Amino acid sequence: MKAVFFDFVGTLITKEGENETHINIVREVLKRAGREDLDYLKLWEEYEEESSALFNELAGKPYVKIRDVDTEAMRKVAERHGFSVPEDFWRISLEMHALHGRLFPDAVDTIRALKALGLHVGIITDSDKDYIETHLRALGIYDLFDSITTSEEAGYFKPHPGPFLLALEKAGVKPEEAIYVGDNPAKDCVGARNVGMLSVLLDPKGEKRELWGKCDFVVSKLSEVIDIVKGLMEK
Ligand code: CA
């Protein structure tokens, strides 16, 4: 075992923090549009629905900038309610992510422990480069990672092999020397396994039990990854 790669949203940062971020994006958009009369929680739900529908269609496909997908999702909601999306929507989005993103409490300690074992620690994420970099810098963890690989660079969304193979190349390790930690069985576990990497599913509440079979390991806390990796290193 020589390298550990992490997914970002839902794995290093919490889904709760991401929801709060998106709610604040909607509030900010409504403020700019002068439409604070609208129910921001209802519009947030609509935004999430539009955005998941668009992203579900894109799994495994050639990369489209997240900024364009998110803007399109917001545009659909705005059109339905008769206002327009501010031109600096992506800037608002980056700013809100930087303000409201929240790391899992054991994320930093886990990364440091893995690095102390001499491992390459990287990120493989379905995102635009400016998004992940802004976010990591705001969280103060940009320098913790040996490599950051985005689907934007690889040209394809997970579970396509592209992002995984590019990350392995950057780290200079073979697939069987690497493990991927993510929260989405269909994208993260399947994608990693397709290229010959081991996969760990982070499932804090045990909500994805019916899909555990797609993953090699399942954990409820990030820190459990340390023992899994130590066990693999002893083999
Ligand atoms: Ca994720």
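Looking only at residues that are touching a Ser or Thr at 6+ places or on another chain (Cβ under 6 Å) and crowded, with 19+ Cβ neighbours inside 10 Å in segment 214-224, which one is nearest to GLY10 (Cα to Cα)?
Looking only at segment 214-224, we keep the residues that are touching a Ser or Thr at 6+ places or on another chain (Cβ under 6 Å), and these are 215-216, 222-223.
Filter once more, so that each one left must be crowded, with 19+ Cβ neighbours inside 10 Å: 215, 222.
On the way: CYS215: 16, LEU222: 11 Å.
The residue in question is LEU222.
Tally the residues that are within 12 Å of the ligand (Cβ to nearest atom) and of a type in the set (Gly, Ala, Ser), restricting the search to segment 1-18.
Narrowing segment 1-18 to residues within 12 Å of the ligand (Cβ to nearest atom): 6-15, 18.
Okay, now just the ones that are also of a type in the set (Gly, Ala, Ser), so 10.
The qualifying residues number 1.
Within segment 134-156, which residues are under 21 Å from VAL69 (Cα atoms), more than 16 Å from the ligand (Cβ to nearest atom) and at pLDDT below 95?
THR134
Would you check if there is a residue in segment 164-174 being modelled with pLDDT of 95 or more, more than 16 Å from the ligand (Cβ to nearest atom) and either among the acidic types (Asp, Glu) or within 19 Å of ALA113 (Cα to Cα) (or both)? I'd like the intermediate steps shown before the answer.
Let us first name the residues in segment 164-174 that are modelled with pLDDT of 95 or more, namely 164-174.
Those still in the list that are more than 16 Å from the ligand (Cβ to nearest atom) too: 165-166, 168-174.
Narrowing further to those that are either among the acidic types (Asp, Glu) or within 19 Å of ALA113 (Cα to Cα) (or both): 169, 171.
Yes, segment 164-174 contains at least one residue that is modelled with pLDDT of 95 or more, more than 16 Å from the ligand (Cβ to nearest atom) and either among the acidic types (Asp, Glu) or within 19 Å of ALA113 (Cα to Cα) (or both).
Which one of the conditions (1) surrounded by fewer than 16 Cβ atoms within 10 Å (Cβ to Cβ); (2) under 20 Å from the mean Cα position of the chain (by Cα); (3) in a loop (DSSP other than H, G, I, E, B) does GLU87 fail to meet, given that it meets all the rest?
(2)
Of the numbered conditions (1) within 29 Å of GLU28 (Cβ to Cβ); (2) in contact with a Cys (Cβ under 7 Å, 6 or more places away or on another chain), CYS189 fails exactly one; give the number of that condition.
Condition not satisfied by CYS189: (1).
Out of all the residues in segment 182-207, which are without any contact (Cβ under 8 Å) to a residue 24 or more places away in the chain, basic (Lys, Arg) and either within 14 Å of the ligand (Cβ to nearest atom) or farther than 21 Å from GLU16 by Cα (or both)?
If the condition is that a residue be without any contact (Cβ under 8 Å) to a residue 24 or more places away in the chain, basic (Lys, Arg) and either within 14 Å of the ligand (Cβ to nearest atom) or farther than 21 Å from GLU16 by Cα (or both), then ARG193 is the only one that fits.
State which residue is nearest to LEU198 (Cα to Cα) when the search covers only segment 128-177 and only residues that are aromatic (Phe, Trp, Tyr) and part of a helix (DSSP H, G or I).
Within segment 128-177, the match that is nearest to LEU198 (Cα to Cα) is PHE164.
Has segment 119-132 got any residue that is surrounded by fewer than 16 Cβ atoms within 10 Å (Cβ to Cβ) and not charged (D, E, K, R)?
The answer is no; no qualifying residue exists.
Cβ-Cβ distance below 8 Å, separation of 6 or more or different chains: which pairs start in segment 103-124 with a residue that is within 19 Å of PRO163 (Cβ to Cβ) and end on one that is among the polar types (S, T, N, Q) and at pLDDT 95 or above?
From segment 103-124, the pairs are HIS120/SER147; GLY122/SER147; GLY122/THR149; ILE123/SER147; ILE123/THR149; ILE124/THR149.
The values are calculated or read from the model by the stated rules, or taken from the named source; none is laboratory data. Predicted model only: the values in this text are computed from it and were never measured. Using ideal geometry, Cβ is built from the backbone for each residue, glycine included, and neighbour counts are taken over all protein chains shown.
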